[in-house]
Structure formats: structure tokens, C-alpha cells
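We did not get these values from a lab; they are worked out from the coordinates using the rules stated. Treat the numbers as computed from the prediction; the structure is a model and nothing was measured. FYI the Cβ positions are ideal-geometry reconstructions off the backbone, even for glycines, and counts take in every protein chain you see.
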Amino acid sequence: MSVPGTGSFGDFVARAHRAGKLVVQPRMGVSDPAAMRIGLLATRKATATAVGTITLDSYTRMGDNANARAALAAGIELNGYPIVAHDPAVTRSVLDGVAGPDFPVQIRHGSPCPEPIVAALIQAGLHATEGGPVSYCLPYSRMPLEDSIPNWARSCDLLAEVRSTGTDPHVESFGGCMMGQLCPPGLLVALSVLECLFFRQHGIRSVSLSYAQQTNSDQDTEALLALRRLATQWLPDVDWHIVVYTYMGVYPRTPDGATGLLEEAARLAVRAGAARLIVKTVAEGYRIPTFAENVAALETAALAAEGCLTIAGDPVDTGIHAEASALIEAVLDLGPNLGAALATAFRRGYLDVPYCLHPDNAGRARSYLDSTGRLQWSSIGSLPIRGVVGPTDTAKLTAAGLLASLSYVERTFDNASLEQEFQAVSDDSSGSTGDDRDPDPGNRSPAARQSA
Amino acid sequence: MDHAAGKEVSADGLSVVLTSVSSDSHTWNLVVLQLVLEELGHQVHNLGACVPDELMVSKCLRLRPDLIVVSSVNGHGFHDGLRLIRQVRSHAELVGTPMVIGGKLGIAGPGCDRSRAQLTAAGYGAVFEDGTGLAAFQSYIGRLAIGQAS
Ligand code: B12
């Protein structure tokens, strides 16, 4: 028995996009099946055009189903849903009457060995997932690429068989995120395109290309438009769309800061013509979010998207398209088998992810944030982009310097929110309307803050 | 990153094994903690992400570090950390090696006193939960370095 009539994930997103609606999606996963069902229902009921997510736990991601089962037996709550440890009938009962053509559900995992996961999602009647041979290996494991790549090839082959049931399976590349932060956009864009080409080589006909919001919204817009151009060029014969991830690095800790960053991501997605957005919640900086926090994030994002009408014009070309193109072509030149080409590219340092500790990553490329908050290369190692990037600038890496770069977005949004609160408090206590702002904020006494 | 470690605390500072737990793939925590320790003058063997228990134990048996630092933020750190220290302490050579843990150890925000007490009872010399800041860790390291040198 499978979930009846589940339509394809790609179709759902395409229909929403044509209707002018940004599809919003949470990261959501708990170990208890009954609770998982409640979470999916809450997502479905949100005032938004939403798709559902089942995020898997860390044991299942590592293929450590023994520890996942032990935790279930001991009643220990995991950081996601252990789809392999649960019986397929249990997962079908989670989805029964919830997942369907009007509410597709995607499995989000983070596994370099996803065959058992793909088998389990197919058994549960699902057909959409996420990842890639590189993006679910380097940031998610110590497994050699030589193993992750064939694992992913077999998993795509397996998922592609779902097409015979009448539904087009969908795979989203996680290449646009990698370590979550401090990876210059050109490399993120290139990896997204390359992984989607890999999926296509393994029989997948419906894909999405990801890009995670970074540190500067002009740079992000340029990156997303480059991603669109490259997808049009390289994926002419498959169904594809672009998905934006709300900031994937150290997240603002104040509720207003967190919400402000999410709203900016929603506007970025609309401006750049993306079809889908993965949201982040106010709990991001602290712990796994509750369902209520996730629903609030979905609704906030949907509202911000609705209110945003401007479509981006042509942003200043700082060379992201040229950089991504050079990377993609350098990998494709290594041979017709994309899996083998990706492995060679990492061995030679043609692809090299800053700050990634994985043994197969060359680790010679480095990045930094410039004074305008744009991500730049400080060293390109063997990346084949010497002709297209400007001069690089190596400063000594220190703990304080790295922490400052990692917390740049958090500080920007938290400070804005604290500043606002401070203004509100002092405006309040001085009876001011806020029109005649004190030109010297230093005059505002701490007492004003305490009176709130 | 690896080098043969001596048992004596020398001008090279402490020999520290820095490790994630088996289920946790986060590495920014490891990158930053390595820099913090190196800036204090210590030698760090960073074992990276998703370290299987057996690998971690065999590295420690070979390196005989002065300190083992366990870092985890994925929410499984409490359980993985308890399992890990039992494995480490089952080896006579590692029974007395100082071992600390920190990060975001549970999935519901900073844990209760009971979970901290369980970790200490299992043998962790200190528990640095998220939000503690790095100053407490730095002063712990300072005390350990002085203790070992004398
Ligand atoms: C970047 C990131 C990622 C990247 C990581 C890339 C990589 N390889 O490192 C990606 C996107 C791949 C990722 C994946 C996942 N992530 Co993540 N991630 C984050 C994020 C956004 C930032 C973490 C970060 O880089 N911090 C910067 C470093 C420097 O700070 P730190 O990690 O907090 O470490 C500092 C302190 O905690 C402390 N510390 C840490 N350990 C120790 C040890 C000692 C001894 C001491 C003294 C101090 C100490 O000092 C460190 C240095 O300053 C956080 C949320 C946030 N903070 O905003 C979530 C977060 C940590 N991730 C989370 C989760 C659950 C996951 C996943 C399991 C997916 C999921 N279910 O949602 C997977 C991991 C898969 C696995 N096998 O475990 C959760 C953890 C929830 C919890 N503990 O309750 C968080 C909090 C997000 C959330 N709210 O859900 N993630």
C-alpha cells in the first residue's frame, strides 16, 4: 500500500511559481511518529503555500541505525526522524491523509550513504529528497568522496525507478550551502549546477538548485541570477527550479533579529525569481525549533514574500557568473563521467571549500569578508579562477578574527533589533514621537533601557 | 596536524586531542577551538567530524594526550558523550586522562543540572555548555597546564 496519488514535487512548485506564490518549507523532524504527523499537519495548515519536510536524525544520516533503534527503545528524543529505524508501515501512517498532490513531503537528510534512506522513503510512498555526492559528504561526514559518489549514483538510480509509477522523483542539490557560511558564491553556484548535472546523469529529470543567503544582499542577488543563467544553459532538458535557504550560518539570537533575517531571505528569493524558500526560526541559534516556531516562520516568510513586488534588474557584475562558469567547465573537462570528474576535481584542488576539514578537501582556498560585507577569496589555492578573480589578500587566521567573520550576520541583525528596541524605549520615556531623533545616541541613558 | 606527542608538558604546551562525537558533523566549533588552544600555546590533534568511538579511542591510545576535548552541537552530544567516555575509561592507559565536553549537548537548549551531573559522574572534568563563553574554558586550560607542569 502506498500513499495514494502523491503528485510530483517539481509540479507542485512549478504551479505555485506560475501563480506568483513563493513556496515556503521548514526544516522539521522529531523521532516520535505521532508527533511527526502533527508537525506535518501544522505545516499543511499554515497560512502559506507550503510543502512538508521530514528532517532525519544524525544517527540515520551516518547509517548508524543501531544507535537510532537504541534511542527509540530508550525513549531518547533525537534531532530528527529516524526513517530507517522506524517500520515502513509506521512512516506510511505518519503520511496517510497528510501527504498528497496538494502537499508534497520531502525527506531532508545529510547522508553520504543514502541508499537505505532512499529505499525507506520510496517504501513510504514518497519521491522527493535532497543532497548530493559532494554536498552531503564534505560538510556531513569523513567518508571518502570515492565512496560517497557511487553511493549517491546508486541512490539516484534507485529513486529514478519511481518514475515507472507515474510520478517524477525530485532531487534538490545542497551544493548552494556547503559549510553554511564563508564560502564565496561562485563556488556555491558551481557546485549546485554540477550536482544537478550528476543527478541528471543518473536518471533524475526533476531537480532544484540551491543557494544559501550569505552576507550581502546585492552579492546574493547577483549569485542567484548567475545560478539561473547557468541552469538555463546546462539543464535545458530537465524540470528545474531554484530554492533559496535562509541564512545557514551563525544565526541572530534576538527574536527580531532572527525574523528580520528571514524576511530579508524571503525578499531575496522573490527579487531573484526563486520558486522556493527554506525558512529558519527564532530558535535557530539555540535548539531544535518547536512546530509553532516553524509555522510562525513559514507565515512570516510568506507575508514578506507577498509584500515584495520588485524583480531585480541587472545587478553590477562582480564576476560571480564568470567564476562559476570557469569552475563548472574545468570539472566537465575532466571527463564525461561526472562522478569521476568530481573526485578528480577535489583531488587536484579545482574544487576546494574554505574551512572544510574533510580529508578529501585540499584546504588551500580561503575566504574573508570585505569591509562591505561581501565574501571574497583570500587565497584560491588551485581553483581554476585566477583569470576571473581580483587580487587576493591573506591575513593570519585567528580565533577572534574567525569568530568575528562567523558572527557578522548575527551581529548585524541583532544590533539592528537591539538598536530599535533601544530607540523605542528611549522615545517612549522622553515622550518623543520618534520624528526628532536624538543625533547623539550616546546621550541616551542606560536608565531609559531599564525602564522598559 | 598530527605529530608524535611527548608525555611531558614542554614548551610545546599540552598535547590535546580535540574531537567531535560519532554522529556529529559540525566542524566550525572544532576549527575555532583548535585556534583557541593553539593561541594558548598547546598542540592540537583535531580528529574532525563524525569520529567513530573506536577511532577516537585508538588515536588517544597512540597519542596519550594530556587532555581530551569533546565538542558537539548537534543535540546528541549528551548521549554520544556518555557512551564515548565509557569507551575511553575502559582502557587502563586512559583512565586518568583529563576529559572535558562542551557545546550544544541536548536538543532542547542548555541542559539541566542533572544532565551536567551525569556527565561529571561519568568522568568529565568539566562541562562547558553553549552560552558559557570561552573564558571559563581558557582558565580551565590555564589551571591544567600549571598543574601538569608542576
Ligand atoms: C553551520 C551549521 C550547520 C552546517 C555545519 C557545517 C559544518 N560541517 O560545520 C550544516 C548546514 C552542514 C549543519 C548541519 C546540521 N545541523 Co547545524 N547548525 C549550524 C549553525 C547554523 C551554526 C553553527 C556554527 O557554525 N557555529 C559557529 C561555531 C564557532 O560555534 P558553535 O558551533 O556554537 O561552537 C562554539 C560554542 O558552542 C562552544 N563550544 C562548542 N563545543 C565546545 C566544547 C568545549 C569543551 C567548549 C569549552 C566550548 C565548546 O565554543 C565553540 C566555538 O566558539 C547552528 C545554529 C546557530 N548556532 O546559529 C546549527 C545547529 C548547531 N545545527 C543543528 C542541527 C540539528 C544540524 C543537523 C543535525 C541537521 C538538523 N537536524 O537540523 C545537521 C548535522 C548533521 C549531523 N550528522 O550531525 C542544530 C542543533 C540543535 C540542538 N543542539 O539542539 C542547530 C543549533 C540549529 C537548530 N536550531 O536546529 N549545521
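Some values worked out for this structure:
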| read-out | value |
| --- | --- |
| Per-selection Kirkwood Rh - chain A (Cα, Å, 1 d.p.) | 22.7 |
| Hull shadow area, averaged, region A:142-208 [alpha-carbon convex hull, nm²] | 4.9 |
| Kyte-Doolittle mean at least 1.0, axial Cα span of 20 Å or more - DSSP H helices of chain A | A:185-201 |
| Check: the protein assembly as shown dipole with +1 on Lys, Arg Cβ and -1 on Asp, Glu Cβ, in debye | 1060 |
| 19 Å cut-off, amide nitrogen to a point 7 angstrom out along A:ASP393 Cα→Cβ, residues in region A:217-232 | A:217-220 |
| In degrees, nearest ten, helix B:53-63 long axis to first principal axis of chain B (Cα) | 20 |
| Efficiency of FRET from Cβ geometry, B:SER58 and A:THR165, R₀ 60 Å, rounded to 0.05 | 0.80 |
| Amide N of region A:11-48 lying under 19 Å from the label point, which is placed 7 angstrom from the Cα of A:ARG69 along Cα→Cβ | A:31-33 |
| Potential extension, A:ASP87-A:ALA424 segment - 0.36 nm per residue separation minus Cα distance | 116.0 nm |
| Cβ neighbours within 10 Å from other chains - mean over A:78-86 | 2 |
| Contact order relative to length of chain A, as percent, for alpha carbon pairs under 8 angstrom and 6 or more apart | 15 |
| Computed [θ] at 222 nm, helices only, for chain A once each DSSP H run of length n ≥ 4 contributes -39500 (n - 2.57) | -13500 deg cm²/dmol |
| Nitroxide proxy distance, nm - points 7 Å out along Cα→Cβ at B:THR120 and A:THR412 | 4.2 |
| Region A:1-89: chymotrypsin sites (Phe, Trp or Tyr not before Pro) in DSSP loop, at most 11 other beta carbons within 10 Å | none |
| Reachable lysines from A:LYS45, criterion Cα separation under 20 angstrom, eight or more residues apart if same chain | A:LYS21, A:LYS280 |
| A:ARG364 versus A:ASP32: modelled label distance in nm, points set 7 Å from Cα along the beta carbon direction | 5.3 |
| Relative exposure of A:CYS196, A:CYS177, judged by other C-beta atoms within 10 Å (fewest first) | A:CYS177, A:CYS196 |
